[in-house]
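To start, the structure itself, in structure tokens.
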Amino acid sequence: MMKVAYYPGCSLHSTAREYDISFQLVCRKLGIELQEIPHWVCCGSSPAHVTSHLLSIALPCKNLILAEEMGLDTVVAPCAACFNRLKIAKQEVAEDSKLKKEVQEVLGKPSAGKIEVKHPLQVIIEDVGLKKVEEMTRRKLQGLRVASYYGCLLVRPPSVINFDDPEDPQSMDNLVSALGGEALPWAFKTECCGASFSLSETDIVFELSGEILNEALEAGAECILVACPLCQSNLDLRQKGIEKRRGKKFNLPILYFTELLGLALGMSMRQLGLSRHIVNPSKLLERKLAVT
Amino acid sequence: MARIGVFVCHCGTNISATVDVKKVAEIAKGFPGVKFATDYRYMCSEPGQDLIQKMVKEHNLTRIVVAACSPSLHEKTFRTCTQNAGLNPYFFEMANIREQCSWVHDDREEATLKAIDIVKLATAKVGKNNPLQTTFIPVEKKVLIIGGGISGIQAAIDVAFNGFKAVIVEREPSIGGRMAMFDKTFPTLDCAACILTPKMVEVNQSDLIKLYTYSEVEEVSGYVGNFKVKIRRKARLVDENKCNGCGTCWQRCPVRLPSEFDMNLGKRKAIYVPFPQAVPNVPVIDQKHCLYINKKKCGICKKVCPFEAIDYEQEDEVIEEQFGAIIVATGFTMFDHSIYGEYGYGKYKNVTTGLHFERMLNSSGPTGGKIVRPSDGKEAKKVVFIQCVGSRDEARGMPYCSRLCCMYTAKQALLLKEHNPEAEAYVFYIDIRAAGKNYEEFVERVQDEYGATYLRGRVSKIFQRNGRLMVRGCDTLSGTQIEIDADLVVLATALIARPDAIKLAQMLHIPYDQNRLFTEAHPKLAPVETVTTGVFLTGACQSPKDIPDTVATASAASVKACGLLSHEKLPIDPQIARVDVEICSGCLACKEVCPFGAIEKEEIVDRVTQQKRWVAKVAPSLCNGCGACNTACRPGAIDLDGFTEEQIFGQIESLTADKGNER
Ligand SMILES: Cc1cc2nc3c(=O)[nH]c(=O)nc-3n(C[C@H](O)[C@H](O)[C@H](O)COP(=O)(O)OP(=O)(O)OC[C@H]3O[C@@H](n4cnc5c(N)ncnc54)[C@H](O)[C@@H]3O)c2cc1C
Ligand code: SF4
């Protein structure tokens with residue numbers, strides 16, 4: 001059994017509970033043991049790096065050190081923003097000895113450097129392997145037409161993330177294909193959803209997320225697959241408002257890839273926490289996959 | 001006993017600011033054999049040289065040492081001066097106390113001591129110099145031109161005009177290069193074919209110019225005046241002497257393939273000429289796709305050829321010829337934009353390049369001069385041009401500006417409007433670089449008279465929506481985001497070096513830069529020469545160039561080459577390796593190490609035993625005097641004239657014998 005440190009980040013303990021639930025269930029099934037980092041702290045997300053550079057590096061470093069102290073060599077972070085911040089902090093400290101010293105002073109501990117940061121998609125594709133996932137599939141996706149949406153942080157900047165293609169990523173699409181769904185080619189995989197402007201400049205989110213929904217629908221999508229709690233909430237929570245502004249019905253369920261994977265591995269909607277979504281996916285899933 | 005004169009140069013303050021030149025001259029007077037020493041402000045000046053000649057007479061000097069700059073600058077000057085003073089020109093040594101001393105030190109005292117040592121070494125050597133005689137080699141009066149684009153064509157015409165022979169080696173089945181692909185040329189909009197084909201015909205008809213098309217240079221050895229070149233003439237499978245270009249074969253050939261010359265927008269046959277005005281107008285058989293070659297089927301072309309010119313058995317032929325000079329005219333290729341994800345990774349059919357657009361504009365091209373969408377062949381009415389694709393991009397492309405894409409984009413926008421006044425042209429640019437005669441005016445005209453819309457900004461994304469291309473970018477002048485639904489996108493991709501540039505550079509012993517472009521001997525003062533004497537550059541293989549600049553460099557390179565050829569013979573440096581056959585054991589270890597292939601094996605009759613045996617022999621025209629053989633020779637049979645063992649050991653002894661005594 002593979003053992004990894006688990007950094008849920010704030011969202012997975014609050015607004016994105018269903019991402020947490022489905023990820024944990026899927027891991028158990030796939031033989032991955034998640035050990036949540038004891039006393040983890042917020043990664044600082046956007047507020048930290050617009051206020052203090054040092055803070056934005058020290059916070060993720062603290063979590064990396066805690067993870068290293070667990071004696072594990074990999075930490076997995078499902079939120080794209082956390083994942084991005086952890087990766088960036090690790091790289092900046094490795095490349096900048098002055099910063100490294102400062103971080104050490106602030107944290108009172110030598111900063112971590114050995115632990116590897118991964119996104120769940122990486123663990124599933126690189127460590128478990130799509131072949132094994134395919135073999136374990138109990139419920140094929142029956143050609144469900146899925147637009148995979150990666151957002152801007154999961155695969156960029158490529159020099160730091162070094163995972164998948166920065167302009168036309170494929171990992172979720174490959175997963176969908178392996179599970180028997182139809183991975184739609186479309187052009188808005190890495191467009192910005194508006195991210196944290198959801199609260200301060202809602203209009204921007206209406207505009208940007210609206211475009212993403214529209215492109216996905218035009219591409220023939222029945223649902224959108226995501227790998228980030230903020231993307232999920234913008235596309236899901238704001239969908240009604242966008243429909244009103246655009247005068248166009250989308251009715252596109254926004255699913256975490258772990259949820260779809262869970263369904264394919266034989267779990268039920270209730271187990272996976274799918275009732276927590278705003279745009280209700282149950283009709284689509286009942287119809288296409290005959291799940292309950 | 002040699003009578004040595006030492007002349008120490010101030011070089012203005014270049015040397016004298018750091019080295020006490022007076023002291024150097026003073027101390028030099030005490031070196032063995034030195035009968036006269038002095039310092040002077042500028043030794044290379046006329047009065048400086050007069051001084052040397054006067055002192056030779058006055059003091060009966062037989063050897064000269066000038067302590068000044070690098071021999072690469074003025075050795076020749078002072079050799080001639082020594083000769084004019086009535087001495088053998090090799091009775092002279094240069095002591096470099098500038099580049100190797102004053103320029104690299106700042107402690108005056110230390111630098112002066114070092115300069116004294118350098119001068120001492122030179123005096124120790126010059127006393128042991130032998131008189132050497134310059135020898136001459138005959139010059140092969142023929143120029144090799146590699147590449148038959150407009151630059152190679154122009155160079156050949158100019159060489160022939162000067163009365164010398166030229167050979168063009170062109171890789172493709174026809175000469176013409178990129179220019180043959182264009183419809184019209186900026187800024188005058190004259191038809192490319194109308195100005196190019198007469199030159200192609202001239203080349204073909206000239207008695208002085210020989211064309212080897214479908215051929216490649218395989219090996220180059222030798223030296224200026226006498227380059228030995230191996231040329232591979234690839235098998236055309238068509239006898240050039242019998243074929244008259246009637247075209248029956250390619251009309252009847254059943255195999256249809258994408259045409260490279262048409263940027264895969266049109267088709268060609270397995271036996272083909274790349275374009276109607278090809279020179280020579282003789283087809284080639286594409287051996288990879290010919291049915292007869294691969295499956296022993298078909299054979300139609302052979303059956304229908306009225307002249308029995310088809311020869312499936314023909315094989316590659318490697319010929320060897322000698323040349324006095326070489327002109328490199330291999331041109332450029334285009335940057336591959338498929339690394340750019342924002343432009344669709346080369347996956348969208350309707351995202352094309354400038355060369356595709358040129359072929360579409362051309363009335364004898366694949367679309368008969370219609371601008372269409374490659375995806376469905378429908379007319380393209382809204383066209384977006386994007387400049388600087390792969391240029392000025394240090395991270396993913398080339399760091400340099402390709403210099404002419406601003407101009408050809410303007411030309412293409414104009415021609416689009418001329419072909420279809422209803423069409424819309426949008427041009428995304430960083431800034432417009434139109435620094436040529438009548439260029440700025442041309443770009444203005446395209447905007448003002450033809451109404452092309454210029455948008456200053458980059459394109460962030462191209463994607464497809466309902467079968468149309470959506471081009472999203474910003475207009476930084478109005479500060480807005482722009483989205484254009486286009487039929488066609490034309491990328492002005494960077495002009496870059498050809499993929500095999502390095503291989504060719506190594507073959508010719510010429511340097512190339514970090515972008516694999518061939519490097520000129522001096523960026524300002526020797527722009528068409530290379531550091532290898534007798535090898536010249538022209539056209540876009542050196543840096544992106546438009547046709548006017550290409551033609552100018554072609555003429556310049558041919559003048560330089562003809563200049564060399566106008567000599568009956570060329571002097572060769574007598575400072576070369578010499579074999580003492582009495583000592584040589586014939587092991588030929590020297591032959592292994594010689595980078596110039598200058599050592600051959602020779603049979604002699606041994607003086608003592610009267611038996612035949614092998615010894616090494618140096619070909620003076622090939623030897624560069626590098627000394628590699630010298631050190632490889634175990635019995636010490638090889639010595640280097642001008643740098644003999646006696647001279648070198650004399651120098652070492654002079655420094656070690658009484659170190660410190662006169663300090
Ligand atoms: C889209 C586009 C539009 C342009 N429009 C204009 C215009 O309107 N006006 C203008 O002034 N300029 C224009 N130019 C620039 C023009 O193409 C160049 O100035 C010109 O082609 C340079 O000529 P060249 O002979 O140096 O190179 P090329 O045209 O590239 O010719 C080189 C030749 O050498 C051959 N070759 C290469 N390597 C070898 C080898 N190893 N052995 C044997 N043969 C070899 C090639 O097959 C080729 O035939 C344009 C360029 C582009 C890309
Ligand atoms: S010539 Fe114009 S388009 Fe080409 S690289 Fe230079 S600035 Fe860019």
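The values are calculated or read from the model by the stated rules, or taken from the named source; none is laboratory data. All of these numbers come straight from a predicted model, not from anything done at the bench. Cβ placement follows ideal geometry from the backbone for every residue including glycine, while neighbour counts extend to all protein chains displayed. The protein model used for the area step is the full one, side chains on, heavy atoms only, and it has no ligands, DNA or RNA in it. Shrake-Rupley method; radii C 1.70, N 1.55, O 1.52, S 1.80 Å.
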Legend entry - From phi via Karplus (6.51, -1.76, 1.60), per-residue ³J(HN,Hα) for segment A:248-261 in Hz, x at Gly/Pro: 9, 7, 10, 6, 9, x, 10, 10, 6, 5, 6, 5, 5, 5
Inset, instruction - Could you sort the residues of segment A:165-192 by number and keep only those whose accessible area is reduced by 50 Å² or more in the all-protein-chain setting relative to the chain alone, 1.4 Å probe? - result: A:Glu167, A:Ala187
Inset, instruction - Compute the distribution of all C-alpha to C-alpha distances in segment B:4-132, in bins of 5 Å from 0, and list the percent of pairs in each, rounded to whole numbers. - result: 2, 13, 24, 27, 20, 10, 3, 1
Legend entry - Label-zone membership for segment B:282-313, site B:Asn244, 7 angstrom Cα→C-beta point, backbone N under 11 Å: B:306-307
Legend entry - Principal-axis tilt of helix B:645-656 within chain B, Cα atoms, nearest 10 degrees: 70 degrees
Legend entry - Placed amide H near B:Val427: partners under 5 Å, 5+ positions off or other chain: B:Phe385, B:Thr453, B:Tyr454, B:Leu455
Inset, instruction - With viscosity set to 0.890 mPa s and temperature to 25 °C, compute the Stokes-Einstein D of segment B:533-572, Rh being the Kirkwood radius across alpha carbon pairs; µm²/s, no decimals. - result: 221 µm²/s
Inset, instruction - Of the options B:Val304, B:Ile319, B:Ala329, report the single residue whose Cα projects farthest towards the positive end of the charge dipole of segment B:276-341 (beta-carbon charges: Lys, Arg +1; Asp, Glu -1). - result: B:Val304
Inset, instruction - Over both sides of the B-A contact, add up the buried accessible area with a 1.4 Å probe and give it to the nearest 100 Å². - result: 800 Å²
Inset, instruction - Grab every C-alpha pair in the protein assembly as shown, bin the distances at 20 angstrom width from 0 up to the longest one, and report whole percents. - result: 11, 27, 28, 25, 8, 0
Legend entry - Net length gained if the chain between B:Lys295 and B:Glu26 were fully extended (0.36 nm per residue, minus Cα distance): 88.1 nm
Inset, instruction - Please name which of B:Thr248, B:Ile150, B:Ala68 has its Cα lying farthest along the dipole of chain B towards the positive end, using unit charges on Cβ (Lys, Arg +1; Asp, Glu -1) and the Cα centre as origin. - result: B:Thr248
Legend entry - Radius, Kirkwood style, for segment B:534-663 when every pair of distinct Cα atoms is counted (Å): 18.6 Å
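Just the number please: accessible area per residue for segment B:577-641, 1.4 Å probe, all protein chains included, in Å². Spell out each step's value before the answer.
Numbers: 3770 Å² over 65 residues.
Value for segment B:577-641: 58 Å² per residue.
For chain A, what percent of Cα pairs sit more than 35 Å apart? Spell out each step's value before the answer.
Working: 6925 of 42486 pairs.
Considering chain A, 16 percent of its Cα-Cα pairs are separated by more than 35 Å.
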Legend entry - Amide H partners (placed H, <5 Å) of B:Arg268, local residues excluded: B:Leu257, B:Ser259
Inset, instruction - Compute the semi-axes of the equivalent ellipsoid of chain B, taking the square root of 5 times each eigenvalue of the Cα gyration tensor, and list them largest first in whole Å. - result: 59, 35, 20
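With all protein chains present, how much of the accessible area of segment A:128-289 (probe radius 1.4 Å) comes from carbon and sulfur, to the nearest whole percent? Intermediate values should be presented prior to the final figure.
On the way: 3270 of 6590 Å².
Accessible surface attributable to carbon and sulfur in segment A:128-289 totals 50 percent.
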Inset, instruction - Would you please name the trypsin sites (Lys or Arg not before Pro) within segment B:263-302 that are DSSP coil residues with at most 14 other C-beta atoms within 10 Å of their C-beta? - result: B:Lys288, B:Lys296, B:Lys297
Inset, instruction - In nm, give the distance between the simple-model label positions of A:Cys42 and B:Thr609, each being 7 Å from the Cα along the Cα-to-Cβ direction. - result: 9.5 nm
Inset, instruction - May I ask you to give the percent of accessible area on chain B that is carbon plus sulfur, with a probe radius of 1.4 Å? - result: 50 percent
Inset, instruction - Please sort by residue number the trypsin sites (Lys or Arg not before Pro) in segment A:204-274 whose DSSP state is loop and whose Cβ has at most 15 other Cβ atoms within 10 Å. - result: A:Lys248, A:Lys249
Legend entry - Geometric extent, Cα atoms of segment A:12-149 - Rg, Dmax (angstrom): 17.0, 55
Legend entry - Rounded to 10°, Cα long-axis angle of helix B:547-565 versus longest principal axis of chain B: 40 degrees
Legend entry - Amide hydrogen neighbours beyond the local backbone of B:Tyr512, cut-off 5 Å, H modeled: B:Thr519
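Of all DSSP beta bridges located in the protein assembly as shown, what percent are antiparallel, nearest 5?
On the way: 56 of 123 bridges.
Among the beta bridges of the protein assembly as shown, antiparallel pairing accounts for roughly 45 percent.
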Legend entry - Candidates A:Leu230, A:Leu66, A:Leu154: whichever shows maximal mean-square fluctuation once chain A is modelled as a Gaussian network with Cα springs under 10 Å: A:Leu66
Legend entry - Gyration tensor over alpha-carbon atoms, segment B:577-641, equivalent ellipsoid semi-axes in Å: 20, 11, 10
Legend entry - Against the rule of thumb 2.2 N^0.38 Å, how large the Cα Rg of segment B:333-496 comes out: 0.96
Legend entry - Distance (nanometres) between label positions extended 7 Å along Cα→Cβ at B:Ile502 and B:Asp573: 2.8 nm
Inset, instruction - Give the share of C-alpha pairs in each 10 angstrom bin for segment B:162-319, from 0 to the last occupied bin, in whole percents, shortest bins first. - result: 10, 34, 35, 17, 4, 0
Legend entry - Set of lysines near B:Lys234 by C-alpha distance (under 22 Å), chain-local residues within fewer than 8 positions excluded: B:Lys210, B:Lys242, B:Lys269, B:Lys288, B:Lys295, B:Lys296, B:Lys302, B:Lys503
Inset, instruction - Please report the base-10 log of the normalised intensity I(q)/I(0) for segment A:173-292, using a Debye sum with one equal scatterer per alpha carbon and no solvent, at each q in 0.20 (1/Å). - result: -1.15
Inset, instruction - Round to the nearest 10 and report in Å² the accessible area of B:Val535, as given by a 1.4 Å probe over the protein chains' heavy atoms. - result: 0 Å²
Legend entry - Accessible surface of B:Ile97 - all protein chains present, 1.4 Å probe, nearest 10 Å²: 0 Å²
Inset, instruction - Loop only per DSSP, at most 14 neighbouring Cβ atoms within 10 Å: give me the GluC sites (Glu not before Pro) in segment A:189-272, ordered by residue number. - result: A:Glu201
Inset, instruction - Would you mind getting the accessible area per residue of chain A, heavy atoms of the protein chains only, 1.4 Å probe, in Å²? - result: 42 Å²
Inset, instruction - Round to the nearest 10 and give me the degree value, 0 to 90, for the angle of helix B:108-126's Cα axis relative to the longest principal axis of chain B. - result: 80 degrees
